[in-house]
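K.L.:
Submitted below is the structure of interest, expressed as structure tokens.
The values are calculated or read from the model by the stated rules, or taken from the named source; none is laboratory data. Just so you know, these numbers come straight off a predicted model, no measurement behind them. With ideal geometry, Cβ positions are generated from the backbone for all residues, glycine too; neighbour counts draw on all protein chains shown.
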Amino acid sequence: MKANLIKLASPWMKIVRLPNLFTAPGDSLAGFFIASIFPQTYPATCRKATLLAIVSILLYTFGVLLNDLADRQEDAVMRPERPIPSGKISVGAASVATGFTLAIALIISHLAFPPFAWFVSILLALTITYYNFLAKHKRLQGAIAMGSCRGLNTFLGIAVLLNPNALTFQAFLTVMTPVIAVTVYIAAVTWMADQEHTTQYIGAIAIVPALACLVGWLTTAFFLMTFRYRYSTLAIIPFLIVIFLLNEVARKLYGRNVPPQKMQPSIGAYLRPLIFWQLSIVLLPENALSTIFAILLVLGWVCSRKLAKSIPQS
């Protein structure tokens, strides 16, 4: 019985990239906790943060299911072992699951969050759809669209607490800085990943992820100090870790012709430090709730690394 259940679940764990689901809420929680610093926003509660994490996971699942549906003909030639072309999951079943995850995400957003956050959820879903069906095979458009997906996911966390009638311009500048930083970060990595199957020359783009983190975090801290909002210095530790890790990757790639066997692992090396970038934002508020969710993010990252040994992440 157990073996049959595992056999039945295995294609679904593969199509939803199960290891990645544990890392999906990090960006939105980063947005949520940076917004929680400001008294002009709605109160940050454990219920809101938990529902936000669930919505992020559902929207991520919607995106990867849509990806396999959009690429099913290409996968039939290039990756016939994928769940849909191999026949382990039918197009109909995948379509139902895609619609279901999107519907539940939007229903939760509509019932639990302010109207503006529901609008951001819809915009994020539309951007995911645009990436999968129109932008993915165009290098610049694909990079911008993928970066926008991660940026909008971060902004969704902000929108859950955003009170447009009370938020000051200074506070808005502060909360938007991480959104811009993660958008640029992911756009740069996506740009490099687009040509990872061929030898490519890597120039200044190699340092963009580290630069985005560096400028984004320091600008956020500068705004917080300038406007006299309190923040935790504990957040400096993961910030320094992410800068160090990204600098190490960039140093190995910058100014070189990089073959696929070196580029492909380097893309993973760019993406793995995202957990430390997320932690550096989540830990900024000085409260127990942000610490609890920071610990949960780390546990999720550990689970992701363990599951990735047996379940593909892409």
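K.L.:
Here is a list of conditions, (1) in a helix (DSSP H, G or I); (2) in contact with a strand residue (DSSP E or B) (Cβ under 9 Å, 6 or more places away or on another chain), and Tyr201 meets all of them except one; can you say which number that is?
P.N.:
In the conditions (1) in a helix (DSSP H, G or I); (2) in contact with a strand residue (DSSP E or B) (Cβ under 9 Å, 6 or more places away or on another chain), Tyr201 misses (1) alone.
K.L.:
I need every pair where a residue in the range 90-114 that is over 17 Å from Thr61 (Cβ atoms) has its Cβ under 9 Å from the Cβ of a residue that is surrounded by fewer than 15 Cβ atoms within 10 Å (Cβ to Cβ) and of a type in the set (D, E, K, R), sequence separation at least 6 or different chains.
P.N.:
Pairs that qualify, where the first residue is over 17 Å from Thr61 (Cβ atoms) and the partner is surrounded by fewer than 15 Cβ atoms within 10 Å (Cβ to Cβ) and of a type in the set (D, E, K, R), are Ala112/Arg47.
K.L.:
Please note which helices (runs of 4 or more DSSP H) are completely contained in the range 54-148 and include at least 1 residues that are under 19 Å from the mean Cα position of the chain (by Cα) and crowded, with 20+ Cβ neighbours inside 10 Å.
P.N.:
Values: elements: 72-78, 91-112, 115-130.
Once the helices (runs of 4 or more DSSP H) in the range 54-148 are filtered for at least 1 residues that are under 19 Å from the mean Cα position of the chain (by Cα) and crowded, with 20+ Cβ neighbours inside 10 Å, what remains is 91-112, 115-130.
K.L.:
Identify the residue in the range 295-314 that is of a type in the set (Gly, Ala, Ser) and in a helix (DSSP H, G or I) and, among all such residues, is surrounded by the most Cβ atoms within 10 Å (Cβ to Cβ).
P.N.:
Going through the qualifying residues, I end up with Ser304.
K.L.:
Further question: Considering every residue within the range 223-234, establish whether at least one is in contact with an Asp or Glu (Cβ under 7 Å, 6 or more places away or on another chain), touching a residue at least 12 places away in the same chain (Cβ under 8 Å), assigned to a helix (DSSP H, G or I) and over 18 Å from Gly147 (Cβ atoms).
P.N.:
no
K.L.:
Can you find a residue that is hydroxyl-bearing (Ser, Thr, Tyr), part of a loop (DSSP other than H, G, I, E, B) and under 27 Å from Ile158 (Cβ atoms) anywhere in the range 28-41?
P.N.:
yes
K.L.:
In addition: Report whether or not Ser290 is small (Gly, Ala, Ser), farther than 20 Å from Ala49 by Cα and not in a loop (DSSP other than H, G, I, E, B). Break it down into steps so the answer makes sense when it comes.
P.N.:
On the way: small (Gly, Ala, Ser): yes; farther than 20 Å from Ala49 by Cα: no; not in a loop (DSSP other than H, G, I, E, B): yes.
For Ser290, the condition - small (Gly, Ala, Ser), farther than 20 Å from Ala49 by Cα and not in a loop (DSSP other than H, G, I, E, B) - is not met.
K.L.:
Answer yes or no as to whether Thr168 is among the polar types (S, T, N, Q), over 20 Å from the mean Cα position of the chain (by Cα) and within 30 Å of Leu59 (Cα to Cα).
P.N.:
Values: among the polar types (S, T, N, Q): yes; over 20 Å from the mean Cα position of the chain (by Cα): yes; within 30 Å of Leu59 (Cα to Cα): yes.
So Thr168 passes the test.
K.L.:
Considering each of Gly216, Gly255 in turn, give the residue that is at pLDDT 90 or above and at positive phi. Working first, answer last.
P.N.:
Values: Gly216 fails: at positive phi.
Checking each option against the conditions leaves just Gly255.
K.L.:
Taking the condition of being over 25 Å from Thr41 (Cα atoms) and in contact with a Leu (Cβ under 9 Å, 6 or more places away or on another chain), how many residues in the range 104-130 meet it?
P.N.:
Count: 4.
For every residue, the table says whether it meets (1) within 16 Å of the chain's Cα centre (by Cα); (2) at pLDDT below 90; (3) farther than 24 Å from Ile108 by Cβ; (4) surrounded by 18 or more Cβ atoms within 10 Å (Cβ to Cβ).
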{"residue": "Val160", "(1), (2), (3), (4)": "no, no, no, yes"}
{"residue": "Pro164", "(1), (2), (3), (4)": "no, yes, no, no"}
{"residue": "Phe172", "(1), (2), (3), (4)": "no, yes, yes, no"}
{"residue": "Pro178", "(1), (2), (3), (4)": "yes, no, no, yes"}
{"residue": "Tyr185", "(1), (2), (3), (4)": "yes, no, yes, yes"}
{"residue": "Thr190", "(1), (2), (3), (4)": "yes, no, yes, yes"}
{"residue": "His197", "(1), (2), (3), (4)": "no, yes, yes, no"}
{"residue": "Tyr201", "(1), (2), (3), (4)": "no, no, yes, no"}
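K.L.:
Can you run down the residue pairs with Cβ atoms below 7 Å, 6 or more apart or on separate chains, where the first is in the range 123-150 and farther than 22 Å from Thr101 by Cα and the partner is hydroxyl-bearing (Ser, Thr, Tyr)?
P.N.:
Cβ pairs passing all conditions: Gly142/Tyr131; Gly142/Thr190; Ala143/Thr190.
K.L.:
Please list, ordered by first then second residue, the pairs with beta carbon atoms under 7 Å, 6 or more apart or interchain, first in the range 258-280 and part of a helix (DSSP H, G or I), second modelled with pLDDT of 90 or more and acidic (Asp, Glu).
P.N.:
Between residues of the range 258-280 that are part of a helix (DSSP H, G or I) and residues that are modelled with pLDDT of 90 or more and acidic (Asp, Glu), the close pairs are Gln278/Asp27.
K.L.:
Just a yes or no: is a residue in the range 239-252 at pLDDT below 90, in a helix (DSSP H, G or I) and over 17 Å from the mean Cα position of the chain (by Cα)? Give the derivation first.
P.N.:
At the first step, the residues of the range 239-252 found to be at pLDDT below 90 are none.
No, the conditions are met nowhere in the range 239-252.
K.L.:
Is it the case that Leu307 is touching a helix residue (DSSP H, G or I) at 6+ places or on another chain (Cβ under 6 Å) and under 27 Å from Met176 (Cβ atoms)?
P.N.:
For Leu307, the condition - touching a helix residue (DSSP H, G or I) at 6+ places or on another chain (Cβ under 6 Å) and under 27 Å from Met176 (Cβ atoms) - is not met.
Quick grid of which residues meet (1) under 19 Å from Val208 (Cβ atoms); (2) buried (at least 16 other Cβ atoms within 10 Å of the Cβ); (3) among the hydroxyl-bearing types (Ser, Thr, Tyr):
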| site | (1), (2), (3) |
| --- | --- |
| Ile243 | yes, yes, no |
| Leu246 | yes, yes, no |
| Arg256 | yes, no, no |
| Leu283 | no, yes, no |
| Phe293 | no, yes, no |
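K.L.:
Additional query: Would you confirm whether any residue within the range 225-244 is in contact with a Lys or Arg (Cβ under 9 Å, 6 or more places away or on another chain) and either among the hydrophobic types (A, V, I, L, M, F, W, C) or farther than 25 Å from Pro114 by Cα (or both)?
P.N.:
Looking through the range 225-244, none of the residues is in contact with a Lys or Arg (Cβ under 9 Å, 6 or more places away or on another chain) and either among the hydrophobic types (A, V, I, L, M, F, W, C) or farther than 25 Å from Pro114 by Cα (or both).
K.L.:
Shifting gears a bit: Cβ-Cβ distance below 9 Å, separation of 6 or more or different chains: which pairs start in the range 43-60 with a residue that is closer than 14 Å to Ala125 by Cβ and end on one that is of a type in the set (D, E, K, R)?
P.N.:
Ser56/Asp27; Tyr60/Arg17
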